[in-house]
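Enquirer: Provided herewith is a single structure, encoded as structure tokens, for subsequent inquiry.
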Amino acid sequence: RIIAALAEETVERGYRAVTVADIVSRAGIARNTFYENFASKEDCFLAAQDYAVEEALRRVVEAASAVESWPARVDAGLAAFLGYVAEEPALARTCIVEALSAGPDSLARYEQSLQAFGPLFRIGRKVSPHGEELPATLEETVIGGIFWVIYQRIIQGETERIEELRPDLVEFALTPYIGADAAKHALAE
């Protein structure tokens, strides 16, 4: 409840304007209950980021594990991630938008969250005919691009339509590894 209250307050006011009193009031808890769980507003924010990344990764890995081919895994994983963003718009905005300006610890956690998705894409090097030749920063670029598009939709207030991005994002993610034609074919399947 506390993390949900933080996320909702952050969406309404922006992280910097939110106070512990705002969080406590929205959560319907006593101030001491907040401090029994978190040392500060920043501590609560970082816990929200940790929770969201852990849950997003769990859903992505679970969805990707249910299919065989790497392109299908990318599709399933992105569908699960976009579904989570659509399901939890306040938490998504908190962790994808507000995290960039909430302070150095939050920014570091944001960067770690992007890197956590790297191994899921790095597998593409094994199925790519050009695996050895692919740029070392490819996974960072693909993940960064995906997050940037999602960031843009969130700040434009289009979170409810975020799942519509799946075909474009899957094609974008697959193309550098397997080529444009194979990416379109994999998406059609």
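Enquirer: Based on the Cβ-Cβ distance of Ser40 and Ala66, what FRET efficiency does E = 1/(1 + (r/R0)^6) give at R0 = 45 Å, to the nearest 0.05?
Expert: The calculated FRET efficiency here is 0.70.
Enquirer: Here's a follow-up. Would segment 63-125 count as rounded, prolate or oblate if I go by the C-alpha gyration tensor, calling it rounded below 1.5 in a/c and otherwise prolate when a/b exceeds b/c, oblate otherwise?
Expert: It comes out oblate by the Cα gyration axes.
Enquirer: Largest first and in whole Å, what are the equivalent-ellipsoid semi-axes of the chain based on the Cα gyration tensor, each being the root of 5 times an eigenvalue?
Expert: 35, 16, 14
Enquirer: Here is a further query. With a 1.4 Å probe and every protein chain kept in, tell me what percent of the accessible surface of segment 1-73 is carbon plus sulfur.
Expert: 49
Enquirer: By per-residue mean of other Cβ atoms within 10 Å, what is the highest-first order of 45-56, 88-99?
Expert: Result, highest mean first: 88-99, 45-56.
Enquirer: Moving on to the next point. Taking Cα atoms, how many degrees apart are the long axis of helix 2-13 and the longest axis of the chain, rounded to 10 and kept between 0 and 90?
Expert: 90
Enquirer: Report relative contact order for the chain in percent, whole number only (criteria: Cα-Cα under 8 Å, sequence separation at least 6).
Expert: Once divided by the residue count of the chain, the mean separation gives 22 percent.
Enquirer: Separate question: Express in nm, to one decimal, how much length is gained between Ala188 and Glu140 on full extension, taking 0.36 nm for each residue of separation and deducting their alpha carbon distance.
Expert: In short, 14.7 nm is gained.
Enquirer: Would you mind checking the tilt of helix 104-116 against the longest principal axis of the Cα atoms of the chain, expressed as 0 to 90 degrees and rounded to 10?
Expert: Tilt of helix 104-116: around 30 degrees.
Enquirer: Might you report the magnitude of the Cβ-based charge dipole of the chain about its Cα centre, with Lys and Arg at +1 and Asp and Glu at -1, to the nearest 20 debye?
Expert: Dipole magnitude for the chain comes out near 240 debye.
Enquirer: Taking the dipole about the Cα centre of segment 79-134, with the C-beta of Lys and Arg at +1 and of Asp and Glu at -1, give me whichever of Leu82, Tyr110, Ala92 is farthest to the positive side.
Expert: Value computed over the given set: Leu82.
Enquirer: How much accessible area per residue does segment 124-189 have, counting only protein heavy atoms and a probe of 1.4 Å, in square angstrom? It would help to have the intermediate numbers written out before the result.
Expert: Values: 3850 Å² over 66 residues.
Accessible area per residue: 58 Å².
Enquirer: If each DSSP helix of 4+ residues adds -39,500 (n - 2.57) and the sum is divided by the residues in the chain, what number results at 222 nm, nearest 500 deg cm²/dmol?
Expert: After summing the helix terms and dividing by the residues of the chain, the value is -22000 deg cm²/dmol.
The values are calculated or read from the model by the stated rules, or taken from the named source; none is laboratory data. Nothing here was measured: the structure is a model prediction, and the numbers come from that model. Cβ coordinates were reconstructed from backbone atoms using ideal geometry, including for glycine residues, and neighbour counts include every protein chain displayed. Each accessible area value is taken on the protein alone, full model and side chains, heavy atoms only, with ligands, DNA and RNA left out. Shrake-Rupley method; radii C 1.70, N 1.55, O 1.52, S 1.80 Å.
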